[in-house]
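So the structure is just underneath, and the comments pick up after that.
What follows is calculated from the coordinates using simple rules that are stated; it is not laboratory data. Owing to the predicted nature of the structure, the values given are computational and were not obtained by experimental measurement. Cβ coordinates were reconstructed from backbone atoms using ideal geometry, including for glycine residues, and neighbour counts include every protein chain displayed.
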Amino acid sequence: MSAKLLGKTIYIDAEVAKEIGVNPAIMLAQAIEWQLEKSPDFKMSFTATAEEWYKATGLTYEMQAIARKKLNSTGYWREWRKGIPAQIHYYLLKDRFIAKFPNFKNVI
């Protein structure tokens, strides 16, 4: 499944979307892309503002907040505020994610 938003195509996994919802799956797909860019070995977090999420996914701040709440309940998504000014850091717990969705083992 894919969604073309603001000129960019984001591919989401149907199994993931059924499990957590379409908007959280969109955020997760973008997070995986950013996580791989920042730390291919998944040892570091990444930061993104609400505006960066919007530009990348087309999700409004309100949609992001709802999706983030769902993602935080999954056990494989972590986020925290850090720094001055505070930035939200995001981190995908790769092993937990792959345990839930084994078809991603050779993808990330």
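Key figures
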| quantity | calculated |
| --- | --- |
| Computed label-point distance, nm, for sites Y11 and T47 using a 7 Å Cα→Cβ extension | 3.1 nm |
| 3J(HN,Hα) from dihedral phi, region 94-101, Karplus parametrisation 6.51/-1.76/1.60, rounded to Hz, x for glycine, proline | 3, 4, 5, 5, 5, 4, 7, 10 |
| Value at 222 nm in deg cm²/dmol, rounded to 500, when DSSP H runs of n ≥ 4 in the chain each add -39,500 (n - 2.57) | -14000 deg cm²/dmol |
| Alpha carbon Rg of the chain, scaled by the compact-globule rule 2.2 N^0.38 Å | 1.00 |
| Relative contact order [Cα under 8 Å, 6+ residues apart], region 2-100, whole percent | 26 percent |
